[in-house]
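Note sheet for the following structure.
The values are calculated or read from the model by the stated rules, or taken from the named source; none is laboratory data. In this text the structure is predicted, and so the values were computed from the model without any measurement. All Cβ positions, even for glycine, are placed from backbone atoms using ideal geometry, and neighbour counts span all protein chains on display. Ligands, DNA and RNA are stripped out before the accessible areas are found, and what is left, the full protein with its side chains, is counted by its heavy atoms. Shrake-Rupley method; radii C 1.70, N 1.55, O 1.52, S 1.80 Å.
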Amino acid sequence: MKKTVIPLLFLSAVLVLLFLGKTSAIEPLVIDKMSMLMTAGGVQVEGYYLEGWALLRESGEPAEVWEKKKIGEKLGLVDASKRSIPTGWGDRLQVERIDRDCQARVMVQKMKGISEDNPTYISIKYAVAGSTQESLSQEKKIRESLASLGKNHGIYLAVKGKIAADLDEEAQLAWGKAVFRGFGARITDTLRTDKYTSITGYSPVLPDVAVVGGGKINLNLSMVRKEQGIHVLLGTPLITCEY
């Protein structure tokens, strides 16, 4: 256990400097820092989840919004497959591209009947297998695309992996606290069972924030004990994919 925690404690100061050293007011990229911290803690990183959403006050049907806002060009999905699906809320444009190492799914939904201007909801989901550089490239595209669509948007990121060692409850908690120190994060909530540990908190160096119960959170860690070891998910501001 000590061999796992000590590198995390050493890396924590480096990561805090990396975050605080940002000079751009634009949302910084963070998934590489998350991956670095997981790897330093003895996690075999297996993949990444990236999700984004935006709400637009935009006239036109979903396909028209897709073309007008050049979402395909911004996300690199110009040649992705597209189909229109009728729903109770109005038509939905479903865009999908599945490669060996990256799956991308985008939904553009007209929310008819919600308000007079019939807002458009956009959902972006990526699953990247194993490549930090690929996931970082997709994070950049998603952040820039969402920023170009207006202020009403958000993003959720998660890194998944596995620790080969079978850590008990106390060891899981100690490992999780070391991860949070790596982000200069304050722990706000902890949930523990014999097979599962979840830690939630807030770090001032992470750009994305969720408000839950009147408090701000932006770091979420889950550890699930399985036969093959400890399965780990580290997300910001919340984990939205399945454990």
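Can you find, within the range 108-125, the residue that is nearest to Leu146 (Cα to Cα) among those that are among the polar types (S, T, N, Q) and open to solvent by 40 Å² or more (accessible area, probe 1.4 Å)? Top of the filtered list is Asn118. Scanning the range 30-51 for residues that are among the hydroxyl-bearing types (Ser, Thr, Tyr) and open to solvent by 10 Å² or more (accessible area, probe 1.4 Å) yields a count of 2.
Residue check: Ser135 meets all listed conditions (1) touching a helix residue (DSSP H, G or I) at 6+ places or on another chain (Cβ under 7 Å); (2) over 30 Å from Leu37 (Cβ atoms); (3) among the small types (Gly, Ala, Ser) but one, namely (2).
Please verify whether the range 181-192 includes one or more residues that are in contact with a Leu (Cβ under 8 Å, 6 or more places away or on another chain), touching a residue at least 40 places away in the same chain (Cβ under 8 Å) and open to solvent by less than 20 Å² (accessible area, probe 1.4 Å). Looking for residues that are in contact with a Leu (Cβ under 8 Å, 6 or more places away or on another chain), touching a residue at least 40 places away in the same chain (Cβ under 8 Å) and open to solvent by less than 20 Å² (accessible area, probe 1.4 Å), one finds at least one in the range 181-192, hence yes.
On inspection, Lys68 does not qualify as closer than 24 Å to Glu139 by Cβ, among the charged types (D, E, K, R) and open to solvent by 80 Å² or more (accessible area, probe 1.4 Å). For residues that are of a type in the set (D, E, K, R) and within 19 Å of Arg57 (Cβ to Cβ), scanning just the range 82-107, find the one that is surrounded by the most Cβ atoms within 10 Å (Cβ to Cβ). Out of the qualifying residues, it is Arg92. Report yes if some residue within the range 139-149 is in contact with a Ser or Thr (Cβ under 9 Å, 6 or more places away or on another chain) and buried (at least 19 other Cβ atoms within 10 Å of the Cβ); otherwise report no. Looking for residues that are in contact with a Ser or Thr (Cβ under 9 Å, 6 or more places away or on another chain) and buried (at least 19 other Cβ atoms within 10 Å of the Cβ), one finds none in the range 139-149, hence no.
Of the strands (runs of 3 or more DSSP E) contained entirely in the range 160-230, those carrying at least 3 residues that are closer than 22 Å to Trp53 by Cβ fall at 210-212, 215-217, 219-226. Among the residues of the range 161-180, which ones are over 10 Å from Met38 (Cα atoms) and in contact with a strand residue (DSSP E or B) (Cβ under 8 Å, 6 or more places away or on another chain)? If the condition is that a residue be over 10 Å from Met38 (Cα atoms) and in contact with a strand residue (DSSP E or B) (Cβ under 8 Å, 6 or more places away or on another chain), then Ala164, Ala165, Asp166, Leu167, Glu169, Gln172, Leu173, Trp175, Gly176, Lys177, Phe180 are the ones that fit. State which residue is modelled with the lowest pLDDT when the search covers only the range 1-56 and only residues that are part of a helix (DSSP H, G or I) and of a type in the set (Phe, Trp, Tyr). Looking at the filtered set, the residue picked out is Phe10.
The set of residues in the range 52-65 being open to solvent by 40 Å² or more (accessible area, probe 1.4 Å) and not small (Gly, Ala, Ser) consists of Trp53, Leu55, Arg57, Glu61, Glu64.
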